[in-house]
Amino acid sequence: MVKFGVIVFPGSNCDRDVAYVTQSLLQQSTRMVWHEESDLTDLDVIVVPGGFSYGDYLRCGAIARFSPAMQATINHAKQGKLVLGICNGFQVLTEAGLLPGALVRNRDLHFICDRVPLRVECTDLPWTQNYQKGAVITLPIAHGEGNYYADAATVADLEANGQIVFRYVTDAGDVDDVSNPNGSLNNIAGICNRNGNVLGMMPHPERASDSLLGGTDGMPLFEGILAAMGDRAIA
């Protein structure tokens, strides 16, 4: 049994979606973690969900990074444990320094709600081991500040170290400007840290994990987590 923790901030709106996947579909222990909690030692995997933490005041994720739960999440990640940030959660992870770069306003300054094709760039990570490298999957997006930005040296390092996990592409798997919904550098949709235990992504795998919603391309990500944990899960 893998023990998931889903952080709940004032303004979170995708926390229950994640819990539905981990608890109802995968039958795993799942605890909703209020943002003021500071002891997360009982958890194997921490998920920072999408939404509008603290109303996105100042900028997305800027206040959430200071919450007790996020300080505990930083310690969790430093121990090599798994942390997943989805949409606003990705923004929070960059603000907290767990991932490099930043998420800024979409190129066209519009909120985007759509389903987009992504290419799986690496499969040697817990998150992606159940995908085929180069596979094109479809996941929903819903964001106003999903434009990934970093300085040239950081982006070069991400490319060189295989830290770009998902990339926006055409249906045929090609990278071009038309397939880039928000202007992200190098069509980046998701990245991990050097150790691979922290993943941030703008698309929503939890919204594509139940066939009733029209697609299950997100489910292999969660199943990969279970496969990766194995005997490492907290008893």
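Where a number appears in this text, it was derived from the coordinates with a stated rule and is not lab data. Here the structure is a predicted model, which is why all the values come from computation and not from measurement. Glycine also receives a Cβ, built like all others from the backbone with ideal geometry; neighbour counts cover every protein chain displayed.
Worth a mention:
- Amide H to amide H distances under 5 Å link Leu82 with Ile46, where only residues 5 or more positions off or on other chains count and H is placed in the peptide plane.
- Using just its DSSP H runs of length 4 or more, each adding -39500 (n - 2.57), the chain gives a mean residue ellipticity at 222 nm of -5000 deg cm²/dmol after division by all residues.
- Cα centroid separation, the stretch 1-43 to the stretch 171-219 (Å): 21 Å
- Taking the Cα centre of the chain as origin and assigning +1 to Lys and Arg Cβ atoms and -1 to Asp and Glu Cβ atoms, the resulting dipole is close to 280 debye.
- Estimated D of the chain in µm² per second, where Rh is the Kirkwood radius over Cα pairs and Stokes-Einstein applies at 25 °C, 0.890 mPa s: 142 µm²/s
- In plain terms, the residue of Trp34, Trp127 with the fewest other Cβ atoms within 10 Å comes first and the most crowded comes last, giving Trp34, Trp127.
- Longest stretch of the chain clear of exposed loop sites (GluC sites (Glu not before Pro), DSSP loop, at most 16 other Cβ atoms within 10 Å, sites excluded): 38-235.
- In plain terms, if you count all Cα to Cα distances in the stretch 1-121 and split them into 10 Å steps from zero, the share in each step is 13, 45, 33, 9, 0 percent.
- Take every pair of alpha-carbon atoms less than 8 Å apart whose residues are at least six positions apart; their mean separation over the length of the stretch 3-232 yields a relative contact order of 18 percent.
- Percent RCO, i.e. relative contact order, over the stretch 129-195, from Cα pairs under 8 Å lying at least 6 residues apart: 36 percent
- Toward the positive end of the charge dipole of the chain, with +1 on the Cβ of Lys and Arg and -1 on the Cβ of Asp and Glu, the farthest Cα among Ala227, Val165, Tyr149 is that of Ala227.
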